[in-house]
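Heads up, the thing below is written out as structure tokens.
The values are calculated or read from the model by the stated rules, or taken from the named source; none is laboratory data. Here the structure is a predicted model, which is why all the values come from computation and not from measurement. Note: ideal-geometry Cβ built from the backbone for every residue, glycine included; neighbour counts use all protein chains shown. Just so you know, the surface numbers come from the protein's heavy atoms only, side chains and all, with ligands and any DNA or RNA stripped out. Shrake-Rupley method; radii C 1.70, N 1.55, O 1.52, S 1.80 Å.
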Amino acid sequence: MRPCISLHSDRAPPFHEMVMTTSRSFFYLCTLGVFCFISYNLVRMPVLSLFAESLGAGPERIGLIVSVSTMTGVLLKLPSGALSDIYGRKMLLRIGVVAFGLPPFIYPFISDLNALTALRFVHGLATAIFAPSALATVADLYKERRGAAMGTYTACTQSGSLLGPFLGGWLAHAAGFSTAFVTAGIFGCIAILIFFSLHLDEPPPRVREKGLAPVMAEMGKGFLAVARNRKVLITSSTDAAKMIANGALMAFLPLYGLSVGLNAGEVGLMFSVQAVTSFLSKPVMGRISDRVGRQPLIVLGLVICAATFISIPHVGSFALLLVLSSGFGFGEAVVSSSSAALVADSSEFKRLGAGMGMQGTVMDIGHASGPLLAGLLIAHVSYQGAFAVIAGLQILAAVAFWATMRSLPR
């Protein structure tokens, strides 16, 4: 991968120093992502749904609890991405990594559903603040072959989804919920320590005037730039469709698994198989998207996600559920490795943070909607009907994306 030359220095450093600095920064950023997302996903699935059920939550309330942390992202990803354009990525990364590390230690003291809902909203600050800045940092580091770079970075964060659910399900089954939550906190604290080894060039703040008004004005320019960018918006909507299904699985695959005779550890393994497939596929699919283009892969990935998703509630065999979980993970990898790079390609250089924030916001709208929509449909129809409706939304998103991109000027 070729590193991009900093636009904030008067003279570019020697090429070999740029390569070493870029590679070292990318390595620490990827390592940081691994530990942050192990911590986050160890709490999130399958432990969260089972913990909420143990406190007396029904399907609709479980859907709300699972989705409320994503609602934080809906509200804050775009503003946090825009702020990273103004003040630099490292400040926002610092706040985000602390939000990963501390909240898990509070879960063992929760015994009320309202308190759990509030804590999930606060815990959502982690991804809301960290994710847009991290993706924008990758885009800053690698202007060329962004698909490969973002595929590698998101694969590293996906490894958190690989190990987190497996550890969480096993710890909850073998040692109880409190042990799982404390373990998540330990991984988060390791991430905080790793952060101090991450060295990024910090450009001077874009806004030097004192007061809130100049900052809000500059953020407004970022919001307006990405809101007018149809490529960013339609590409982000494909992630939203994928994440509706992802959120539905996160909330209700544990309950469906238990209903067909699986235990919490086996359900955690299904999430881990989904994650390991995505983990292995993302760097490869990112490189392919650099060569063949982003658009065909996004459509293909959505079709794969829809086909595997609609099949899950018709299967009771653990082995077949593992295969379908793996297939859904591959579809996710095909979509996300291309969509993030396409958003970065389509964003202005000085608005990369806002562009990634917009993608994260739209994606989180889908992620938050998934558990809520699935909870309502399952409560009033069935697993089969709910999953069919959500699979149909992914197909509609694929058609809308392809038609819209063909109508836009190249």
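The condition (being assigned to a helix (DSSP H, G or I), of a type outside the set (Lys, Arg) and either more than 13 Å from Ile244 (Cα to Cα) or without any contact (Cβ under 8 Å) to a residue 12 or more places away in the chain (or both)) is satisfied by just one residue among Ala368, Ala379, Ala374, Ala388: Ala379. Scoring Leu93 on the criteria (1) surrounded by fewer than 21 Cβ atoms within 10 Å (Cβ to Cβ); (2) of a type in the set (A, V, I, L, M); (3) closer than 21 Å to Gly188 by Cα leaves a single failure, condition (1). For region 84-96, the condition of being modelled with pLDDT of 80 or more, in contact with a helix residue (DSSP H, G or I) (Cβ under 6 Å, 6 or more places away or on another chain), farther than 20 Å from Ile194 by Cβ and outside any helix (DSSP H, G or I) holds for none of the residues. Can you give me the number of residues within region 263-309 that are out of contact with any Leu (no Cβ under 6 Å at 6 or more places or on another chain) and not in a helix (DSSP H, G or I)? Residues meeting the conditions: 2.
Annotation note: Cβ proximity below 6 Å between a residue of region 288-303 that is farther than 25 Å from Ala391 by Cβ and a residue that is part of a helix (DSSP H, G or I) and open to solvent by less than 30 Å² (accessible area, probe 1.4 Å) (sequence gap 6+ or interchain) occurs for Asp290/Gly147; Asp290/Ala148.
Yes or no, residue by residue, for (1) open to solvent by less than 20 Å² (accessible area, probe 1.4 Å); (2) in contact with a Ser or Thr (Cβ under 8 Å, 6 or more places away or on another chain):
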{"site": "Thr117", "(1), (2)": "no, no"}
{"site": "Ala126", "(1), (2)": "yes, no"}
{"site": "Ala136", "(1), (2)": "yes, yes"}
{"site": "Asp140", "(1), (2)": "no, no"}
{"site": "Glu144", "(1), (2)": "no, no"}
{"site": "Ala148", "(1), (2)": "yes, no"}
{"site": "Thr152", "(1), (2)": "no, no"}
{"site": "Ala155", "(1), (2)": "yes, yes"}
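When region 268-277 is limited to residues that are open to solvent by less than 20 Å² (accessible area, probe 1.4 Å) and at pLDDT 85 or above, the one that is farthest from Ser338 (Cα to Cα) turns out to be Met270.
Scan region 50-70 and give yes if some residue there is among the hydrophobic types (A, V, I, L, M, F, W, C) and either touching a Gly at 6+ places or on another chain (Cβ under 6 Å) or without any contact (Cβ under 8 Å) to a residue 40 or more places away in the chain (or both), otherwise no. The answer is no; no qualifying residue exists.
So, of the residues in region 39-56 that are open to solvent by 10 Å² or more (accessible area, probe 1.4 Å) and of a type outside the set (S, T, N, Q), which turns out to be nearest to Ala131 (Cα to Cα)? First the steps, then the outcome.
Looking only at region 39-56, we keep the residues that are open to solvent by 10 Å² or more (accessible area, probe 1.4 Å), and these are 44-45, 50-51, 53-56.
Checking which are of a type outside the set (S, T, N, Q) leaves us with 44-45, 50-51, 53, 55-56.
Details: Arg44: 16, Met45: 19, Leu50: 26, Phe51: 26, Glu53: 29, Leu55: 30, Gly56: 32 Å.
In this case the residue turns out to be Arg44.
Of the set (1) surrounded by fewer than 24 Cβ atoms within 10 Å (Cβ to Cβ); (2) at pLDDT 85 or above, all apply to Ala333 but (1). The set of residues in region 305-325 that are under 15 Å from Leu258 (Cβ atoms) and touching a helix residue (DSSP H, G or I) at 6+ places or on another chain (Cβ under 7 Å) comprises Ile312, Pro313, Val315, Phe318, Leu321. Against the condition more than 14 Å from Lys231 (Cα to Cα) and either open to solvent by less than 50 Å² (accessible area, probe 1.4 Å) or not in a helix (DSSP H, G or I) (or both), how does Gly355 come out, does it pass? No: the conditions fail for Gly355.
Being modelled with pLDDT under 90, open to solvent by 10 Å² or more (accessible area, probe 1.4 Å) and more than 22 Å from the chain's Cα centre (by Cα) narrows it down to one of Ser407, Ser369, Ser346, so name that one.
On the way: Ser369 fails: more than 22 Å from the chain's Cα centre (by Cα); Ser346 fails: more than 22 Å from the chain's Cα centre (by Cα).
Every option except Ser407 fails the conditions.
A count restricted to region 374-404 and to residues that are open to solvent by 40 Å² or more (accessible area, probe 1.4 Å), farther than 14 Å from Tyr256 by Cβ and of a type in the set (Phe, Trp, Tyr) stands at 1.
Every residue, every condition in (1) charged (D, E, K, R); (2) modelled with pLDDT of 55 or more; (3) assigned to a helix (DSSP H, G or I), yes or no:
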{"residue": "Ala12", "(1), (2), (3)": "no, no, no"}
{"residue": "Tyr28", "(1), (2), (3)": "no, yes, yes"}
{"residue": "Val34", "(1), (2), (3)": "no, yes, yes"}
{"residue": "Leu42", "(1), (2), (3)": "no, yes, yes"}
{"residue": "Gly56", "(1), (2), (3)": "no, yes, no"}
{"residue": "Val68", "(1), (2), (3)": "no, yes, yes"}
